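The numbers here are math on the coordinates, done by the rules we state, and not lab data. Given the structure is predicted, the values throughout are model-derived calculations rather than measurements. We place every Cβ from the backbone using ideal geometry, glycine too, and count neighbours over all the protein chains shown.
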Amino acid sequence: MIDKSMQVLIVDDYKTMLRIIRNLLKQIEFHNVEEASDGSEAIAKLRTGNFGLVISDWNMMPMTGLQLLQEVRADSRLKTTPFIMITAESKTENVIAAKQAGVSNYIVKPFNAETLREKIEKVLGHV
Amino acid sequence: MSDPRPLAERLAAVHARHPGATDAITEALREVMETVVGKVSATEAALLGEVEALGRTIAAAKAEISALHVDDITASHIPFATDELDAIVAHTASATEAILEACESLDGATGQVGPEPAATLLNATTRIYEACSFQDITGQRITKVVGALKEIESKVAAITVRFGCQWHLHPDWHTDGPPVPADETLLNGPQHPTVAMGQSDIDKLLASFD
């Protein structure tokens, strides 16, 4: 059974996208959502908070989603935190790089609520 | 029609007709002939002719490029195009925010109606939220177009500099740009739908690691 009251961190430098993901999460009953507008802000929040899931964009400046993922996996306290990448980067080398960095799942934009729900359940089901 | 005989033979004929008057001319022409024949072969002369023609072509091209006012590309055309693209992003972002706000109001109203209309409302707003992510994709595509425009600008600048035309980069354009992330080569933005991997392709690729 997935605990939908867990705190979820969504990371995107585009505030409209943050708003869309927050609303879609709300539709699938994840209401405890925190936002970060780039990788640096995200890592600071992750180190001080207690998040059960990270959903991040890749294409951000100055710290990209891939670099954030690498930092998370290198942090002894955060390394097992489920991490889903939601991105428009859909090349094979991107998926491989993300997988090698330890991504839990990968959603390509544009996506729908059903895909988001399915990937979250798959990722959290493995925790 | 030119005389087909060698010049030396022709000079000898002139000398035979006018032995007193042509000595000086003959001597001068002989010196010229020795200079030309000794230093420039027929092939070299042909090459020189081609080089001269090429020079005229380049000069004509330079004149034509100057007449095109290529400075306009950086001074007005490309800045205008990028400003227009920025305006498109701003307008669509504003419209998307308004749509999202309206959707959030509808979501808030689901508690005031029965379960069936609430589910219908929820289903409709979910589809609207999903559709609104177009804004992010179009923004990234427009960024790629702006990058292509900058590339065109720099290539045109390189050509015109090579041709010796006047060229000044627009003051608002900087070659340094923002800091480049370590995984820059992986930042390609949205792929064209005809070649992009879909979610199912990505799922299969990820599953191949398990």
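Entry note, the protein assembly as shown: the mean residue ellipticity at 222 nm calculated from DSSP H runs of n ≥ 4, each adding -39500 (n - 2.57), is -19500 deg cm²/dmol after division by the residues and rounding to the nearest 500. If R0 is taken as 51 Å, the Cβ-Cβ distance between residue A:3 and residue B:194 corresponds to a FRET efficiency of 0.80. Neighbour counts of C-beta atoms inside 10 Å place B:110, B:160 in the sequence B:110, B:160, starting with the fewest.
Annotation: for a label point projected 7 angstrom from Cα along Cα→Cβ of residue B:122, residues of the range A:87-127 with backbone N closer than 15 Å are A:113-114, A:117. The label-point distance for residue A:40 and residue B:184, in a model that sets each label 7 Å from Cα toward Cβ, rounds to 1.8 nm. The calculated FRET efficiency for residue B:59 paired with residue B:152, based on their beta-carbon distance and R0 = 22 Å, is about 0.30. Under a 5 Å amide H cut-off, with hydrogens placed 1.01 Å from N, residue A:83 pairs with A:54, A:104, A:105 among residues at least 5 apart or on other chains.
Residues within the reach of a label modelled at residue B:207 (point 7 angstrom out along Cα to beta-carbon, backbone nitrogen below 16 Å), restricted to the range A:83-105, are A:105. Ordering A:108, B:113 by the number of other Cβ atoms within 10 Å of each residue's own Cβ, fewest first, gives B:113, A:108. May I ask you to list the residues of the range A:4-26 whose amide nitrogen lies under 12 Å from a point 7 Å from Cα along the Cα→beta-carbon direction of residue B:97? Hits in the range A:4-26 for residue B:97 at 12 Å: A:15-17.
For the protein assembly as shown, the C-alpha radius of gyration divided by 2.2 N^0.38 Å, with N the number of residues, is 1.77. Computed about its Cα centre, the charge dipole of the range A:8-125 is approximately 200 debye, with only Lys, Arg, Asp and Glu carrying charge at their Cβ. Close Lys pairs in the range A:8-125, defined as Cα atoms under 15 Å apart and 8 or more places apart or on different chains, number 6. Each of A:14, A:106 has some number of other Cβ atoms within 10 Å of its Cβ, and from fewest to most they run A:14, A:106.
The orientation-averaged projected area of the convex hull spanned by the Cα atoms of the range B:67-154 comes to 6.4 nm². Taking every alpha-carbon pair under 8 Å whose residues sit at least 6 apart, chain A reaches a relative contact order of 23 percent.
Counted over all Cα-Cα pairs of the range A:8-125, pairs farther apart than 19 Å make up 38 percent.
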